[in-house]
Amino acid sequence: MKPVYALFDCNNCYVSCERVFQPYLRGIPIVCLSNNDGCIVARSNEAKAMGIKMGEPYFKIAAQCDRLGIAVLSSNYSLYADMSQRVMSVISECAPASEVYSIDEIFALLTGMPGNLGEYCRQVKDKVLQWTGIPVSVGIAGTKTLAKLANRLAKKSARAGGVIDLAGHPEWIDSALKRVEVGDVWGVGRRYAVRLIELGVRTAADLAEKDDKWVRREFGVVLARTAAELRGTVCHDLETQPQPRQSCCCSRSFGDATGNIEHVAEAIREFSQTAAERVRNEGLVAGHIQVFASTNRFRQDVVHGTMSASAPLAPATADGARISKVALALVRGCRTFEKGCEWTKAGVLLTDLCGKGAVKRDLFTVADSRRSDALMSAVDAVNSRFGRHCVGLGLSAPEAGWRMRRERLSPGWTTRWDELPVVR
DNA sequence: TCTGGGGTCCTAGGACCC
DNA sequence: TCTGGGGTCCTAGGACCC
């Protein structure tokens, strides 16, 4: 039986999440910023029409936003994650199998389902809007890559009404491929796009027509799979069971640069506990830790520097106390810190992750004790109820200069009791 | 003055082994 | 004048995704 994939994708995801709880933002241009109020990461259709570009540093267009009356919001990831969960749960109940692909996308497997799948997906889309307030678009096709492409066209087409079904209309595939630039194909990034265009491959249709051996030789096996998927050959199956992650990184840009190693250490102490908490939440432990910091890579007029230090964690652990102790020791033992740099970013990377039950032990190491497990469970319980960093080891002041800027943050409408919307 | 964060996979090259 | 062959493992770097 021919496989059928549907890709559901939230329209302007973060903007739509904000609009659910601030209806006065509907119909006006609005953008959402990345962490530290750095870059534009989401735009409403009105903002797109005004020429606001994705990924643009905010400081460069702040005045323009002001002049054009564009509403600007700091990123509120706890809101977006919560809204995402609601959308995903509605859609996943409408299909026999599904794969959450990102915060705003989910693949649903519709293989063998009876009836008009385009019509069915339109009903699911309406249900998502009614139940969560989030508008979605849908692309349906025989491979994931084609479903992505169909979704892209569904978003742009006024006639499609948010749904394009290439599985039900294989005769549309050729013209669909011709209408999509090669750089907009899922799996073709900026570098590949430049080279492909130099080689005369301009559209998805051009890429699909290329000889498999040629693509493999010039670009490797990954792009060869993408090209095959455009021809209708499934190379990327649905991953219904999320694979256990291999690494966990917590890094942040600082609100204010600092030359003080103790400030960097403070940040890293907190990031290491956040990373440990994420790893614990997934029942994993880490066997290796790396800490790093860097200066502002964009500025020409300052001393540039990077520091990085790493150490094994033996036995592997997710104990925030142990991990933050090692992290601090790594920072303080790092010589490159002595160069008089202004640090603007730091982070912690946990790797060699494995299941908690699979920890290797030897005669000379002691596994995490039951006391450590109990302590971490208590910490997680308190923080889950009262907010992250409510309790922790050596916590820093909320107003510490290294903390990220979030000057236009909306309330935690769905995740914090004290920020619930009030109905009058 | 101000430029995000968090992932994965593939490949090439070096170290090391027999 | 001259330097094997074949394999594995690890790491760094480069590409991609959202």
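All of the numbers you see were taken from the coordinates with simple rules; none came from a lab. This structure is a prediction, so every number in the text was calculated from the model and none was measured. A quick note on method: Cβ atoms are made from the backbone with ideal geometry, for glycine too, and the neighbour counts reach across all protein chains shown.
The mean sequence separation of alpha-carbon pairs under 8 Å and at least six residues apart, normalised by the residue count of chain A, gives a relative contact order of 16 percent. Counting only alpha carbon atoms, the long axis of helix A:320-332 and the longest principal axis of chain A meet at about 80°.
If you count the DSSP beta bridges with both ends in segment A:1-179, what percent of them are antiparallel, to the nearest 5?
Antiparallel bridges make up about 75 percent of those DSSP assigns within segment A:1-179.
Comparing A:CYS390, A:CYS94, A:CYS354, which has the greatest mean-square fluctuation in the GNM of chain A with Cα pairs linked when under 10 Å apart? Residue with maximal mean-square fluctuation among A:CYS390, A:CYS94, A:CYS354: A:CYS390. State which entries of A:LYS48/A:LYS125; A:LYS155/A:LYS345; A:LYS144/A:LYS210 exceed 30 angstrom in Cα-Cα distance in the structure shown. Among A:LYS48/A:LYS125; A:LYS155/A:LYS345; A:LYS144/A:LYS210, the Cα-Cα distance tops 30 Å for A:LYS155/A:LYS345.
Apply the Kirkwood formula to segment A:186-242: the hydrodynamic radius equals the inverse of the mean of 1/r over all pairs of different alpha-carbon atoms; give it in Å with one decimal.
Kirkwood hydrodynamic radius for segment A:186-242: 11.8 Å.
Relative to the longest principal axis of the Cα atoms of chain A, helix A:117-132 runs at roughly 40 degrees. Listed by Cβ neighbour count within 10 Å, with the fewest neighbours leading, A:PHE271, A:PHE59, A:PHE107 appear as A:PHE59, A:PHE271, A:PHE107. Applying 1/(1 + (r/R0)^6) with r as the Cβ-Cβ distance of A:CYS390 and A:ALA81 and R0 = 22 angstrom yields a FRET efficiency of 0.75.
Fewest neighbouring Cβ atoms within 10 Å first, the residues A:LEU207, A:LEU223, A:LEU230 line up as A:LEU223, A:LEU207, A:LEU230. Between segment A:84-109 and segment A:166-181, the C-alpha centres lie 24 angstrom from each other.
Give me the mean projected area, in nm² to one decimal, of the convex hull enclosing the Cα positions of segment A:1-179.
10.6
The ranking of A:VAL128, A:VAL182, A:VAL291 from fewest to most other beta carbons within 10 Å of each one's beta carbon is A:VAL182, A:VAL128, A:VAL291. Beyond 25 Å, how much of the Cα-Cα pair distribution for segment A:248-386 remains, as a whole percent? Of all Cα-Cα pairs in segment A:248-386, 31 percent lie more than 25 Å apart. In chain A, inverting the average of 1/r over every pair of distinct C-alpha atoms gives 24.3 Å as the Kirkwood radius.
All C-alpha pair distances within segment A:85-236, sorted into 10 Å bins from zero, spread as 11, 40, 32, 15, 2 percent across the bins. Helix A:58-68 and the long axis of chain A differ in direction by around 60°, with both axes built from C-alpha atoms.
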